[in-house]
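Colleague: My questions will all concern the structure given below.
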Amino acid sequence: MKKISIVTLILIFFSSGVYYASSKEISQVVKEKVNILPEWAFGGFVRPAGANPVIMPIPGSKFYCPMQKQAVKWEESDTFNPAAVVKGDNIYVLYRAEDNSGAGIGKRTSRIGLAESPDGITMHRRPTPVMYPDEDPMKKYEWPGGCEDPRVAVTEDGLYVMTYTSWNRDKARLCVATSRDLTTWEKHGPAFEDAYEGRFLDIHCKSGSIVTELKADKQVITKIGGTYFMYWGEHRVWGATSENLTDWKPILDEHGELKTVIAPRRGYFDSALTECGPPAIKMDKGILLLYNGKNQNNDDQRDRRFNAGTYSAGQVLMDLNDPMKVIGRLDVPFFRPMEDFEKSGQYVDGTVFIEGLVYFKGKWYLYYGCADSRVSVAIYDPAKKTPGDILL
């Protein structure tokens, strides 16, 4: 049967034209396009009507930069790639903000701002960043590119743990910081600095997703097999363990190389890379990781249903007894660029880049970057299981 868009289908069905779609054709079109998620997956996530984006640049915000030794408009150009965590009765969103010190992706300085929300949508923002390149021992890793792409989780006793990317415009490194109040952060340096005698200190690494679980409706950091566990990686997803949440040891295979959890797949939405999203969640069925998948630019390798270079979001489920073993993986994205603000900005190919996921008042709030330029939110109500974003 010839492919028919949903809008065209409706117009055909209700018009007085010469062609009327049969019930069989309607059923086939709907079946092909509805994105039914497996029982183990989260979603669908629904964008609240008229609410997004929830965080946008503010040209007038000024901050005295210890690196530049002057006041800078620290969130003038772009605000994106947010972490999120619940504290008290509010959601707190930590977002990446770029000044206007350069042109092009990765050429400006990034800092991390903080916003507080009583409902997950309305944001009250601090006027200055809470994490930034400073006159501290991290300057060799953070100057001049800054601090990027945070993920945040919290322990049962209230210690907030942030994984973020330090960027000195030479090497991206996965780093760790901690806080008790979300505003004052102690930097602990690169996550893999001491592992294997520093073997992985200077590798390009990003995106740390520490495993959490719900305890009495509070999402907190948990242990797997007696140790803390983190998924990490930008091109592939790997694993690491820790005794203290600040020093991490990558998991190696029998050849002494990084052991892969998942990798890009030819012909799928994640054909170019698989990058960790928000903190993973330990559930009865397994450990659920929401991740970012990038589509290849090469027509022979990409999923042709989506634009070349598009960032969409997938889900993968790992075994509770073996967090490196995959037992389920989505073949299509549950979340993809659909709105205009997700397809315009720094990354016009289309980007929904997920980094923040929190359980708040019985629902899951997913915070994501839109085309490397804005922050938006989508909500999943477990009591109302819905499909993922409609397929093409």
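Colleague: GluC sites (Glu not before Pro) within region 47-107: which are DSSP loop residues with at most 13 other Cβ atoms inside 10 Å? Walk me through the intermediate numbers first.
Modeller: On the way: sites: 75, 76, 98; in loops: 75, 76.
When the GluC sites (Glu not before Pro) of region 47-107 are filtered for loop state and at most 13 Cβ neighbours within 10 Å, nothing remains.
Colleague: Moving to a separate point now. Just to be sure I follow: if Rg is taken over the C-alpha atoms of region 28-148 and Rh is the Kirkwood radius over the same atoms, what is Rg/Rh? Show your work: numbers first, answer last.
Modeller: Working: Rg = 18.2 Å, Rh = 16.5 Å.
Using only Cα positions, Rg/Rh for region 28-148 is 1.10.
Colleague: Could I ask something else about it? Output the relative contact order of the chain, whole-number percent, from Cα pairs under 8 angstrom with separation of 6+ residues.
Modeller: Numbers: 1064 pairs, mean separation 64.8, N = 392.
That works out to 17 percent.
Colleague: I've got another one for you. Could you work out the relative contact order of region 37-133? I mean the mean sequence separation of Cα pairs under 8 Å and 6+ apart, divided by the number of residues, in percent.
Modeller: 22 percent.
Colleague: Please find, in a Gaussian network model of the chain (springs between Cα atoms separated by less than 10 Å), the residue of 268, 311, 64 whose mean-square fluctuation is greatest.
Modeller: Top of the fluctuation ranking is 64.
Colleague: Over region 190-347, what is the percentage of antiparallel beta bridges among all DSSP beta bridges, to the nearest 5? Walk me through the numbers on the way to the answer.
Modeller: Numbers: 37 of 39 bridges.
Bridges in region 190-347 that DSSP calls antiparallel: roughly 95 percent.
Colleague: To continue, here is another question. Need one number for region 308-372: average projected area of the convex hull over its C-alpha atoms, nm².
Modeller: Values: hull surface 23.6 nm².
Its average projected convex-hull area is 5.9 nm².
Colleague: Still on this structure, please answer the following. How much of the calculated P(r) for region 264-392 lies past 23 Å, in percent of all Cα pairs? Mind showing how you got there, number by number?
Modeller: Details: 2549 of 8256 pairs.
Every Cα pair in region 264-392 considered, those over 23 Å come to 31 percent.
Colleague: Sorted from largest down, what three extents in whole angstroms do the Cα atoms of region 255-296 have along their principal axes?
Modeller: Dimensions of region 255-296 along the principal axes of its Cα atoms: 33, 29, 16 Å.
Colleague: Comparing 252, 159, 290, which has the greatest mean-square fluctuation in the GNM of the chain with Cα pairs linked when under 10 Å apart?
Modeller: Its mean-square fluctuation being the largest, the pick is 252.
Colleague: Add +1 for every Lys or Arg and -1 for every Asp or Glu among the other residues with Cβ under 15 Å from the Cβ of residue 70, and state the total.
Modeller: Details: positive: 62, 69, 73, 111; negative: 76, 99, 134, 135.
It works out to a net charge of 0.
Colleague: Something else: Computed FRET efficiency, Cβ-Cβ of residue 227 and residue 90, R0 35 Å: what is it to the nearest 0.05?
Modeller: 0.70
Colleague: For a test of the definition: using alpha carbon positions, the gyration tensor, and the 1.5 limit on a/c, classify region 101-190 as rounded, prolate or oblate. Mind dumping the intermediate values first?
Modeller: Details: a/c = 2.13, a/b = 1.35, b/c = 1.58.
Verdict is oblate for region 101-190.
Colleague: What share of all Cα pairs of region 61-211, in percent, falls into each consecutive 10 Å distance bin?
Modeller: 12, 42, 35, 11, 1
Colleague: Hey, another quick one. If one takes the longest principal axis of the Cα atoms in the chain, at what angle in degrees, from 0 to 90 and to the nearest 10, does the Cα axis of helix 23-33 lie?
Modeller: Result, in degrees: 10.
Colleague: As an exercise, take the mean of 1/r over every pair of distinct alpha carbons in the chain, invert it, and state the Kirkwood radius in angstroms. Can you show the working numbers first?
Modeller: Numbers: mean 1/r = 0.0465 Å⁻¹.
In the chain this quantity evaluates to 21.5 Å.
Colleague: From the P(r) of region 197-322, can you give the percent of Cα pairs sitting at distances over 19 Å?
Modeller: Values: 4039 of 7875 pairs.
Value for region 197-322: 51 percent of Cα pairs lie more than 19 Å apart.
Colleague: Once you keep just the Cα pairs under 8 angstrom separated by 6 or more residues, what percentage relative contact order results for region 253-313?
Modeller: Numbers: 112 pairs, mean separation 19.1, N = 61.
Relative CO of region 253-313 lands at 31 percent.
Where a number appears in this text, it was derived from the coordinates with a stated rule and is not lab data. Nothing here was measured: the structure is a model prediction, and the numbers come from that model. Positions of Cβ are generated from backbone atoms using ideal geometry, with glycine treated the same way; all protein chains shown enter the neighbour counts.
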